[in-house]
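Notes for the one structure printed next.
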Amino acid sequence: QVQLVESGGGLVQAGGSLTLSCAGSGSIVRINIMGWYRQAPGKQRELVAHITRGANTNYAESVKGRFTISRDNAKNTVYLQMNSLKPEDTAVYYCNADINVYGSTGSKSYWGQGTQVTVSS
């Protein structure tokens, strides 16, 4: 079994900062690409940022220059530092990871349970 557990969401004023964390646990052999997605009410889930095992990153245009994704491979953890938050960043943020697990061939995509981020104006 593999779990991704997010933490760090909450309520913040516009212009403020939050840091999200997502830790993987269980029968993990290797975590490949890791990413953060978000889903606002009435909208589709969208990619915020992702990071490869070698630390190559990609960001949505809407968060470039404000958000920073990073990871600690030894801890199976990915982070999302969010600065200069705007009300339009309000959403449930989900962690996603492509993981090789013991006893299985190939890799599989896993999701966290989501953490709410609310930015007040």
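The values are calculated or read from the model by the stated rules, or taken from the named source; none is laboratory data. Fair warning: this is a prediction, and the values are worked out from it, not measured in the lab. SASA here: full protein model, heavy atoms, side chains in, ligands and nucleic acids out. Shrake-Rupley method; radii C 1.70, N 1.55, O 1.52, S 1.80 Å.
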- Does the stretch 1-14 hold any residues that are over 12 Å from the mean Cα position of the chain (by Cα) and not in a loop (DSSP other than H, G, I, E, B), and which are they? VAL2, GLN3, GLY10, LEU11, VAL12, GLN13
- Within the stretch 63-115, residues of a type in the set (A, V, I, L, M) and under 10 Å from the mean Cα position of the chain (by Cα) come out as ILE69, VAL78, LEU80, ALA97
- Counting residues that are open to solvent by less than 60 Å² (accessible area, probe 1.4 Å) and of a type in the set (D, E, K, R), which strands (runs of 3 or more DSSP E) fully inside the stretch 15-121 reach at least 1? 28-39, 67-72, 91-101
